[in-house]
1. For region 98-108, what are the residues that are over 14 Å from E141 (Cβ atoms) and surrounded by 23 or more Cβ atoms within 10 Å (Cβ to Cβ)?
2. If V199 satisfies every condition in (1) touching a residue at least 60 places away in the same chain (Cβ under 8 Å); (2) closer than 25 Å to T45 by Cβ; (3) in contact with a Ser or Thr (Cβ under 6 Å, 6 or more places away or on another chain) but one, which is the exception?
3. Please note which helices (runs of 4 or more DSSP H) are completely contained in region 92-207 and include at least 1 residues that are under 23 Å from P53 (Cβ atoms).
4. I need the full set of residues from region 84-110 which are within 25 Å of T195 (Cβ to Cβ) and touching a residue at least 60 places away in the same chain (Cβ under 8 Å), in order please.
5. Is it true that some residue in region 134-142 is among the basic types (K, R), over 24 Å from S185 (Cβ atoms) and free of Cβ contacts under 8 Å to residues at least 60 places away in the same chain?
6. Residue by residue through region 41-86, note down the ones that are open to solvent by 40 Å² or more (accessible area, probe 1.4 Å), assigned to a loop (DSSP other than H, G, I, E, B) and of a type in the set (A, V, I, L, M).
7. Within region 149-159, does at least one residue satisfy the condition of being open to solvent by less than 60 Å² (accessible area, probe 1.4 Å) and closer than 13 Å to F98 by Cα?
8. Scan region 77-122 residue by residue and report those that are of a type in the set (D, E, K, R) and under 16 Å from the mean Cα position of the chain (by Cα).
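The values are calculated or read from the model by the stated rules, or taken from the named source; none is laboratory data. These figures come from a predicted structure and were not determined experimentally. When we count neighbours, we look across all protein chains shown, and the Cβ atoms used for this are built from the backbone with ideal geometry, even at glycine. Each accessible area value is taken on the protein alone, full model and side chains, heavy atoms only, with ligands, DNA and RNA left out. Shrake-Rupley method; radii C 1.70, N 1.55, O 1.52, S 1.80 Å.
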Amino acid sequence: MTVLPFNRRRAVTLLGAIGLLAGALMALAQSPAAAPAPEVPATATTPRILGSPDAPVEVVEYASLTCHHCATFHNEVLPQVKKELIDTGKIRIVYRDFPLDRAALDAAVLTRCVPPGRYFAILSVLFAKQDDWSHAKDPRESLTRYGLLAGLPKETYQACLDDQALSDAILQSRLDGAEKHQIDSTPSFVIDGKTHKGVLSYEAFLNALRPLLPPS
C-alpha cells in the first residue's frame with residue numbers, strides 16, 4: 001500500500017471546502033420551502049347571481065365581455081334595473097358566459113378567478129373599460145393589470161388561464177345557452193322560459209317581467 005505524504009496546505013484547503021459544503025447544506029435545510037403553485041379557486045365554476053337567491057323572479061343573462069351591446073346594457077341599463085328591481089328583492093340575475101372570441105374567454109376566466117364577492121365589481125369594470133383592454137395589442141396583458149387592481153396576483157390568473165377545466169366550463173355555458181335557449185347573439189335574456197335578444201331598455205326589461213312580479 002502506498003502512503004501519500006502529508007501535505008498541510010492541501011489538508012487545510014480540503015477541510016475548508018468541507019466546511020463550506022456543510023454550511024451550504026445547513027442553510028438549504030433551514031430555508032423556507034418554495035411557495036406552492038397557485039391553484040384555481042374551487043368556486044370558479046359556481047353560478048354568479050346578482051341579487052338575493054330568494055328573489056321570486058329569475059332572469060338569466062347570456063353575455064360576452066367583448067360585446068359592445070352587452071357593455072351598453074351593463075353601463076346604461078343595469079344600474080336602474082339594480083336599483084328598482086334587484087336591490088328591492090324582486091328579481092335576481094344569473095350571469096352566464098357566452099364568449100364570442102378568445103379575448104372574451106380570457107376575460108371570463110379573469111372574472112371567474114377573483115373571489116365571488118368581487119365578481120360583479122370586476123365584471124362592471126371590464127364592461128366600462130371594454131375598449132381599453134379588448135382593443136389592446138395584447139388583451140391578456142391588459143387583463144392581467146385589471147386583475148392586479150382587483151387583488152388577483154398575476155400567477156393566480158395565469159394558473160386559471162392554464163386550467164383547461166375552467167375554460168371548458170365557460171365554453172359549456174355558451175353551448176348550453178345555444179342548445180337550451182337558442183342563444184345565438186349577445187346580450188340575450190331568458191325570462192320565464194322566453195328568450196329576449198338584444199339590448200333591452202329599462203322599460204322593455206320591466207314589461208317583460210311585469211306579469212311575473214308580485215303585486216306592489
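1. F98, P99, A104, A108
2. It is condition (2) that V199 fails.
3. Because the criterion is at least 1 residues that are under 23 Å from P53 (Cβ atoms), the helices (runs of 4 or more DSSP H) in region 92-207 that meet it are 102-113, 119-128, 164-181.
4. E84, L85, K90, I91, R96, D97, F98, P99, L100, L105, A108
5. Within region 134-142, one or more residues are among the basic types (K, R), over 24 Å from S185 (Cβ atoms) and free of Cβ contacts under 8 Å to residues at least 60 places away in the same chain.
6. Within region 41-86, A42 is the sole residue that qualifies.
7. No, the conditions are met nowhere in region 149-159.
8. Within region 77-122, R96, D97, D101, R102, D106, R112, R118 meet the criteria.
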